[in-house]
Amino acid sequence: MSIAPLDALPLETLRRRSSTKWRTFPEDVLPLFVAETDFPLAEPIRAVLAEAVEIGDTGYTPPDPGVRSAYVGFARRRFGWEIEPQRVSWTGDVMMGVVELLRATVTRGDRVVITPPVYPPFFFCIEEAGGVPQDVPLLASDDGWLLDLEGIETALADGARAVLLCNPHNPTGTAHAKESLAALAEIAARYGAVVISDEIHAPLAQPGSGFTPFLMASATAAEIGYAVTSASKAFNLAGLKCALIVTGADATTAVVRGLPREVEWRTGLFGAIAAVAAFDEASDAWLDSLLARLDENRMLLADLVAEHLPLARFAIPDAGFLAWIDLSAYGWGDDPARAILTGARVALHHGPEFGAGGAGYARLNFGCSPDVLREAVARIGALARA
Ligand SMILES: Cc1ncc(COP(=O)(O)O)c(C=O)c1O
């Protein structure tokens with residue numbers, strides 16, 4: 001039985017929101033930049049948050065807010081991943097988790113491999129933790145974007161101490177193949193490096209995309225890896241502040257246990273309450289309908305780009321609601337999002353901010369209604385023809 005795609009909220013409702021997506025640009029701009037989505041909350045989340053507001057449940061997050069058991073169930077149902085509950089911890093958000101893990105695993109001045117083009121805060125969070133980002137760019141291939149395993153090995157052999165992986169990858173939407181992840185784990189283990197895998201987009205891996213949680217890629221990956229994830233992208237909960245750190249071995253679990261107590265204490269209570277509801281089976285149907293919508297939208301985007309921007313190039317993402325589009329053929333310079341904001345009144349994310357390989361690209365958020373997507377690409381197409 002096919003699943004009915006989730007409908008986005010109408011624009012007039014979205015414009016009443018006060019989040020970054022809706023309060024950065026004037027009303028004539030269609031905002032397809034920051035990674036927020038335009039859908040109504042899943043009903044189980046709406047209900048628990050409404051109850052919390054009703055009774056003024058706005059204090060500190062308790063010692064066991066329930067996210068551990070909720071995520072263990074989610075990972076089993078969605079990925080076939082068996083996690084030992086005591087190996088799940090929580091914190092305020094994914095980037096907080098990444099920074100604290102880096103602080104615990106690398107020494108000031110150590111190099112940390114990243115694979116640009118990549119989520120811009122990766123650069124800053126490595127610096128915040130005292131590390132130095134080392135680029136090993138993704139490789140473009142006919143099969144999409146690939147990890148440059150040789151390049152990563154060279155960097156680790158040369159002294160880099162960690163790899164900050166993005167799986168699925170932002171901005172390309174790539175679910176890295178299990179074999180690549182297993183090979184990455186072997187390389188990291190050979191040089192005594194850790195892999196921190198940002199899996200915030202994992203709940204949005206499309207069925208059949210081949211997404212593999214890093215810690216499931218191999219026994220070695222489970223030994224040396226840390227996964228940091230959240231309900232916040234799939235369920236649009238970024239403002240509520242709850243993320244999870246998952247480990248697969250005693251030594252890595254001990255590192256997480258050794259983090260300052262504040263790391264857990266910073267978890268937002270609304271974030272934890274919402275995450276428990278998000279990861280519960282009761283929200284699976286909503287997530288499936290969101291995935292059906294995003295599947296339709298990624299195909300629609302491919303058609304729209306072919307129609308309105310025939311010189312643009314993009315690989316249909318395996319996961320998530322972000323598309324990484326090569327617009328270099330249009331003469332809009334290194335940062336096409338600038339010309340598009342001014343000339344088409346559509347806000348995209350700036351390609352160069354994603355580091356090496358970002359010039360000439362823009363990132364488009366298709367977590368919206370098909371009508372908004374149609375209008376946005378038509379506006380950009382009109383600018384291209386002007
Ligand atoms: C790959 C990736 N990591 C982390 C984040 C931010 O997560 P958080 O708000 O939990 O720090 C995002 C947000 O879009 C993201 O795409």
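The values are calculated or read from the model by the stated rules, or taken from the named source; none is laboratory data. Note that the coordinates shown come from a computational prediction; the quantities given were computed from them, not determined experimentally. Counting neighbours? That spans all protein chains shown, and the Cβs are built from the backbone with ideal geometry, glycine included. Please note that ligands, DNA and RNA were not included when accessible areas were found on the heavy atoms of the full protein model with its side chains. Shrake-Rupley method; radii C 1.70, N 1.55, O 1.52, S 1.80 Å.
Rounded to the nearest 5, the antiparallel percentage of DSSP beta bridges internal to the chain is 55%.
Ellipsoid fit via the Cα gyration tensor, the range 207-264: semi-axes of 22, 21, 4 Å, each the root of five times an eigenvalue, largest first. Placing R0 at 25 angstrom, the Cβ-Cβ distance between GLU128 and TRP265 gives a FRET efficiency of 0.85 after rounding to 0.05. Near VAL346, the amide H atoms lying under 5 Å from its own belong to LEU30, LEU341; only residues 5 or more places off or on other chains count, and H is placed 1.01 Å from N. The accessible area of MET95, taken with all protein chains in place and a 1.4 Å probe, comes to roughly 40 Å². Accessible surface for the chain, divided over its residues, is 41 Å² per residue with a 1.4 Å probe. Local charge for TRP90 was computed over the other residues whose Cβ lies under 11 Å away, with Lys and Arg +1 and Asp and Glu -1, and equals 0. For the range 1-96, the list of trypsin sites (Lys or Arg not before Pro) that fall in a loop by DSSP and count at most 16 other C-beta atoms within 10 angstrom reads ARG15, ARG16, ARG17. Quotient of the Cα radius of gyration of the range 221-298 and 2.2 N^0.38 Å, N being its number of residues: 1.31. Scalar couplings 3J(HN,Hα) for the range 258-271, obtained by applying the Karplus form with A = 6.51, B = -1.76, C = 1.60 to θ = phi - 60°, are x, 5, x, 4, 4, 4, 6, 4, 6, 5, x, 4, 4, x Hz; x denotes Gly and Pro.
A Förster radius of 35 Å combined with the Cβ-Cβ distance from THR20 to ALA386 puts the calculated FRET efficiency at roughly 0.75. Here the calculated FRET efficiency for ARG338 and LEU300, from their Cβ-Cβ distance with R0 = 41 Å, stands at 0.95, rounded to the nearest 0.05.
The convex hull around the C-alpha trace of the range 49-282, projected and averaged over every direction, spans 12.0 square nanometres.
Of the peptides 165-171, 175-181, how do they stack up when ordered by the mean number of other Cβ atoms within 10 Å, highest first?
Details: 165-171: 26.4, 175-181: 19.7.
In decreasing order of mean packing, 165-171, 175-181 become 165-171, 175-181.
Straight Cα distances below 21 angstrom link LYS21 to the lysines LYS233, LYS241, with same-chain residues fewer than 8 positions distant left out.
Once the chain from GLN86 to ALA47 is taken as fully extended at 0.36 nm per residue, the excess over their C-alpha distance is 11.2 nm.
Near the amide H of PHE366, within less than 5 Å, lie the amide hydrogens of LEU322, ALA323, all on another chain or at least 5 residues away, with H placed in the peptide plane.
Helix-derived [θ] at 222 nm for the chain: sum -39500 (n - 2.57) over DSSP H runs of at least 4, divide by residue count, nearest 500? Can you show the working numbers first?
On the way: 15 runs with 155 residues, N = 386.
Result for the chain, helices only: -12000 deg cm²/dmol.
Electrostatic tally near GLU281: other residues with Cβ closer than 15 Å to its Cβ, Lys and Arg +1, Asp and Glu -1, net -1. For the range 166-304, the Kirkwood radius over C-alpha pairs fed into Stokes-Einstein at 37 °C and 0.692 mPa s yields D = 201 µm² per second. What is the chain's relative contact order, in percent, from Cα pairs under 8 angstrom and six or more apart in sequence? Answer for the chain is 22 percent. Averaged over residues, the count of other Cβ atoms within 10 Å places the peptides 232-240, 328-336, 197-205 in the sequence 197-205, 232-240, 328-336, highest first.
For the chain, the share of accessible area belonging to carbon and sulfur comes to 52 percent (1.4 Å probe, ligands and nucleic acids excluded). When you restrict to C-alpha pairs under 8 Å that are six or more residues apart and normalise by the size of the range 174-257, the relative contact order lands at 30 percent.
Can you tell me, using C-alpha contacts under 8 Å and at least 6 residues apart, the relative contact order of the range 35-178 as a whole percent?
Values: 142 pairs, mean separation 25.6, N = 144.
Contact order relative to length: 18 percent.
At 0.36 nm per residue, and after removing the present C-alpha to C-alpha distance, how many nm does the segment from THR13 to THR154 gain when stretched out fully? Between THR13 and THR154, full extension yields an extra 45.7 nm.
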